[in-house]
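Contents: one structure, followed by commentary.
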Amino acid sequence: MGYRVVVVGATGNVGHEMLNILAERQFPADEVAVLASRKSLGTEVSFGEKTLKTQDLDTFDFTGWDMALFAVGSDATKIYAPKAAKAGCVVIDNSSLYRYDPDVPLIVPEVNPEAVHGYAKKNIIANPNCSTAQMVVALKPLHDRARIKRVVVSTYQSVSGAGKEGIDELWDQTKSIYNPTDNKPPRKFTKQIAFNVIPHIDVFMEDGSTKEEWKMVAETKKIVDPSIKVTATCVRVPVFVGHSEAINIEFEDFLDEDEARDILREAPGIMVIDKRENGGYVTPVECVGDYATFISRIRQDSTIDNGLNLWCVSDNLRKGAALNAVQIAETLGNRVLKKG
């Protein structure tokens, strides 16, 4: 007996990736239902070699289904996730709605798989923010060795993190630069994204940080260790898919760059590509479609006693969203539900 799995928001970028990854990883699903809003009702989506028709989220009965992977915004999640949870279906939510709820585990399976048992309080598990997910995969094995005191991270986040509208805006604006009669003013973003970078993701908060930056701080503390100090600057860049991060880490104990490289090579979910030569590092173009979080440019920071710098790149639609959700489903199955 396998699992009965629901994908909510199956017509969006992340929902589409969830279906791809469930099929690629041969998740033991006996039945998969795909849900969407009424305007997308009946749309066909691919699941491996099968074609599935979307059903109406508003009228769907979650009773008898094992788990539901939610890839819709917080507003819809607020309405439908409690319904699914109440019906006995475990919700794995990709929105930000439940990430900071103390009764909902926030999980990156390579980092804190044991937290999955906390799902039972609300029948809900939260998937972290895309920029946090790839960073904590790199931080955890290093933290286990030398204890991290402080992290300074600057992100270079692709437009796909803002959904299809973000991708379309970059595409349309890039074309319009070469056609002066076809002006495409910013709509999704606050400034022109083509040939530009925007140091503003999500809303501004009272202390001057943005919500995206706050998320990285709060989520790293919840997933890895509340004692770690984190400061972040999050920047949108004209890249279609793949988030990059320049991470500076200060440890309690000295950690040699060569030992750090060896630790990361052995760590789950990480691929180290780190040669000090032209092209001896990974950029977003190379990470697209891959499961791994790529680490390059590992080097000592000589300005502090116990410091390291590294470059971290990952496909934000995969590890930052859909892959992590499927890995949570696998962890839930292996450790708790034990079917299939």
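The values are calculated or read from the model by the stated rules, or taken from the named source; none is laboratory data. Since the structure is predicted, the reported quantities are computational estimates derived from the model, not experimental observations. Neighbour counts run over all protein chains shown; Cβ positions are idealised from the backbone, glycine included. Protein only, heavy atoms only, side chains kept; ligands, DNA and RNA dropped before computing areas. Shrake-Rupley method; radii C 1.70, N 1.55, O 1.52, S 1.80 Å.
Number of residues in the stretch 1-58 that are open to solvent by 80 Å² or more (accessible area, probe 1.4 Å), of a type in the set (Ser, Thr, Tyr) and within 19 Å of GLY88 (Cβ to Cβ) equals 0. Within this structure, GLU286 passes the test of being within 18 Å of ASP315 (Cβ to Cβ), charged (D, E, K, R) and open to solvent by 60 Å² or more (accessible area, probe 1.4 Å). Beta carbons closer than 6 Å, at least 6 apart along the sequence or on distinct chains, pair a first residue in the stretch 42-61 that is in a strand (DSSP E or B) with a second that is hydroxyl-bearing (Ser, Thr, Tyr) for GLU44/THR51. Applying the set (1) closer than 15 Å to MET135 by Cβ; (2) outside any strand (DSSP E or B) to LEU310 leaves exactly one unmet item: (2). What tally of residues in the stretch 210-266 results from selecting those that are in contact with a strand residue (DSSP E or B) (Cβ under 7 Å, 6 or more places away or on another chain), closer than 26 Å to CYS287 by Cα, surrounded by fewer than 20 Cβ atoms within 10 Å (Cβ to Cβ) and touching a residue at least 24 places away in the same chain (Cβ under 8 Å)? So the count comes out to 8. Only residues that are touching a residue at least 60 places away in the same chain (Cβ under 8 Å), in a helix (DSSP H, G or I) and either crowded, with 22+ Cβ neighbours inside 10 Å or over 20 Å from the mean Cα position of the chain (by Cα) (or both) were counted in the stretch 147-170, giving 4.
So that you can scan it fast, the table gives a plain yes or no per residue for (1) closer than 30 Å to LYS140 by Cα; (2) of a type in the set (D, E, K, R); (3) assigned to a helix (DSSP H, G or I):
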site: ASP75; (1), (2), (3): no, yes, yes
site: LEU97; (1), (2), (3): yes, no, no
site: PRO102; (1), (2), (3): yes, no, no
site: PRO109; (1), (2), (3): yes, no, no
site: ALA115; (1), (2), (3): yes, no, yes
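Out of ASP256, ASP274, one residue alone is farther than 19 Å from THR155 by Cβ and touching a Ser or Thr at 6+ places or on another chain (Cβ under 6 Å). It is ASP274.
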